[in-house]
Structures are given as C-alpha cells and as structure tokens.
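Input: a single structure, listed below in structure tokens.
The values are calculated or read from the model by the stated rules, or taken from the named source; none is laboratory data. Here the structure is a predicted model, which is why all the values come from computation and not from measurement. Positions of Cβ are generated from backbone atoms using ideal geometry, with glycine treated the same way; all protein chains shown enter the neighbour counts.
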Amino acid sequence: MIDWLDVSRACVRDLEEVLSGLPTRLEREPVLGAGEGGDDTTAIDAAAEGAVVRRLEELGVGLTLVSEEIGVQVIGSGGPPTVVVDPIDGSVNAKRGIPFFSLSLAVADGPTMDDVVFGYVYDFGSREEWAAERGAGASRDGAPLEAPGPKPDIEILALEGTTTDAIAAVASEMRGVAYRLRIMGSLALSLCHLAAGRVDAVCCLKPARSVDIAAAQLLVRERGYAIDLFEDPPFGAAPLDLRQRSRVVAAATDELCAMVAAALT
C-alpha cells in the first residue's frame with residue numbers, strides 16, 4: 001500500500017532541490033519547447049516534472065501519470081491508480097521569484113474527478129501543506145481543516161488564469177457579485193484558500209485542465225463547498241486528462257457558483 005502523503009512530501013524535497021539549482025529567472029525562464037498541456041515548457045517546468053517522474057518511477061509500481069508537460073504516460077504496468085500532477089502550479093510566479101506557487105498532486109482510482117481519492121497541494125512560499133482524502137476530510141499542516149468557511153456573500157473573489165485583457169473583460173460584470181478581487185497566480189492554492197475560508201469564491205478566466213484542479217478540488221468538496229466546470233458539466237464526470245477544458249468556479253454554495261458563472265457569461 002503506497003503512502004501517498006509520504007510520496008508527496010518526497011516530491012516536495014526533490015522540487016526544493018530543483019528550485020535551489022535554478023535560483024533566478026535567468027535559469028528558470030528559457031523556453032525548451034511546447035508541453036502537451038498547450039503551454040510553453042520552460043526550464044523550471046521541465047526540471048520540476050522530471051524530478052516528480054523519477055520519484056514516481058522509483059516506487060516500482062504500475063500507474064498512469066497525467067502531467068502538465070509530458071501528458072499521459074504509463075509507468076510500469078500502468079494504472080489505476082492515476083496520478084495527476086502539476087509540478088509547478090503558478091509557474092509565472094515561480095519563474096519570477098514571487099513566493100506563491102505550488103506542487104499539485106492527486107491520486108485517483110478511476111478516470112474522472114469523482115474518482116480522486118487523495119489530493120495534495122504544497123505552497124513553496126508559505127510552506128503550508130494542504131491535503132485531503134475522499135470521505136475523510138481536509139487538512140492543513142497535518143491538522144483537520146476546521147477554519148470558518150467562506151462568507152455567505154462574496155466579499156473576496158479570487159481570479160486566476162488572468163491577463164490584462166481577460167480581467168478588463170469581466171471586472172465590470174463582477175459589480176454586485178463580489179466586493180473585492182484578488183489575483184494571486186496559482187489556481188490550486190486559490191482553491192485551497194477557499195477551502196480554508198480565506199476567500200469566498202474562485203474562478204478561472206481561461207479554461208482549466210485536470211492538472212490544475214484535481215488535487216485542490218478534493219479539499220473544496222471535502223469541506224462541503226461547491227465547484228463547477230460550468231461550460232462542460234457535470235464536474236464529477238470530468239475526465240482526468242489534458243483534453244477536457246472548461247472555466248471553473250468554486251464557492252460556498254451551488255447558488256453562488258451559478259451567480260459567478262452568470263457574470264462570466
């Protein structure tokens with residue numbers, strides 16, 4: 001039986017070494033090619049993914065890996081389990097040295113979001129460790145996550161997947177929906193902050209992929225909050241691959257999710 005929490009922590013240690021070896025944006029930013037997820041593969045993306053792949057291969061078990069750059073890869077005899085990884089979620093922040101980016105790792109016993117049994121997100125800035133197990137709740141730094149939840153009205157809405165044009169296109173529509181906007185740069189971490197009640201809603205202004213949300217969505221759902229791929233529902237049936245893409249919204253309730261989604265559309 002694999003202890004996925006131990007594996008995740010080992011990946012964090014490996015990634016700390018990668019970050020130490022690529023200390024500035026001069027080393028982190030060079031583009032090496034295009035990843036299977038559709039974005040440029042930079043030096044830090046490739047090095048981080050390589051470290052995680054090696055760690056998973058050393059387990060000596062069969063699994064299916066879904067990762068940002070290499071796409072779907074069979075390790076050993078293949079899976080299940082399916083391991084969905086974004087080694088650096090918030091890579092723009094990571095490249096520029098902004099301390100708000102994370103490792104996102106999810107483990108599933110089937111092909112969809114409903115099949116995710118373990119989720120892990122590690123914040124390389126704050127050093128906070130977020131984890132969840134299906135049916136067993138969510139935790140922060142090893143303690144049950146029992147903080148006050150999101151507010152019943154949206155005071156703080158975290159936007160992700162943002163460019164200047166994307167923000168300009170929706171900001172005015174958020175009047176009356178949310179009082180304040182926050183743009184932090186890691187969708188996985190923003191969803192964790194929703195699970196902790198630090199923000200009241202999250203939405204991504206560009207279509208999200210499974211690697212972006214598979215781990216953190218479990219924290220949100222284990223806390224009893226709502227998350228929706230409103231352009232391609234239902235959420236639980238979303239495949240754990242790199243093909244399915246939809247904008248995502250999360251909040252305390254389905255009604256609040258629908259209100260934010262309506263503003264986006």
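Please enumerate the residues belonging to region 224-241 that are over 13 Å from Pro150 (Cβ atoms), surrounded by fewer than 21 Cβ atoms within 10 Å (Cβ to Cβ) and aliphatic (A, V, I, L, M).
Filtering region 224-241 down to residues over 13 Å from Pro150 (Cβ atoms) leaves 228-241.
Next cut, surrounded by fewer than 21 Cβ atoms within 10 Å (Cβ to Cβ) only: 230-234, 236-237, 239, 241.
Hit for region 224-241 is Ala237, nothing else.
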Problem set entry | Residues of region 1-50 classified as surrounded by 14 or more Cβ atoms within 10 Å (Cβ to Cβ), of a type in the set (Gly, Ala, Ser) and more than 22 Å from Ala106 (Cβ to Cβ), total | 1
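Conditions (1) under 13 Å from the mean Cα position of the chain (by Cα); (2) touching a residue at least 12 places away in the same chain (Cβ under 8 Å); (3) in a loop (DSSP other than H, G, I, E, B), marked per residue:
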{"residue": "Asp228", "(1), (2), (3)": "no, yes, no"}
{"residue": "Asp241", "(1), (2), (3)": "no, yes, yes"}
{"residue": "Glu255", "(1), (2), (3)": "no, no, no"}
{"residue": "Val260", "(1), (2), (3)": "no, yes, no"}
Exercise. Is it the case that some residue within region 175-194 is on the phi < 0 side of the Ramachandran plot and either in the same structural domain as Ser20 (by TED's automatic domain parsing) or free of Cβ contacts under 8 Å to residues at least 24 places away in the same chain (or both)?
Worked result: yes
For this session: Could you tell me which numbered condition Gly97 fails, if it satisfies all but one of (1) out of contact with any Lys or Arg (no Cβ under 8 Å at 6 or more places or on another chain); (2) touching a residue at least 40 places away in the same chain (Cβ under 8 Å); (3) over 19 Å from Phe235 (Cα atoms)?
Result: (1)
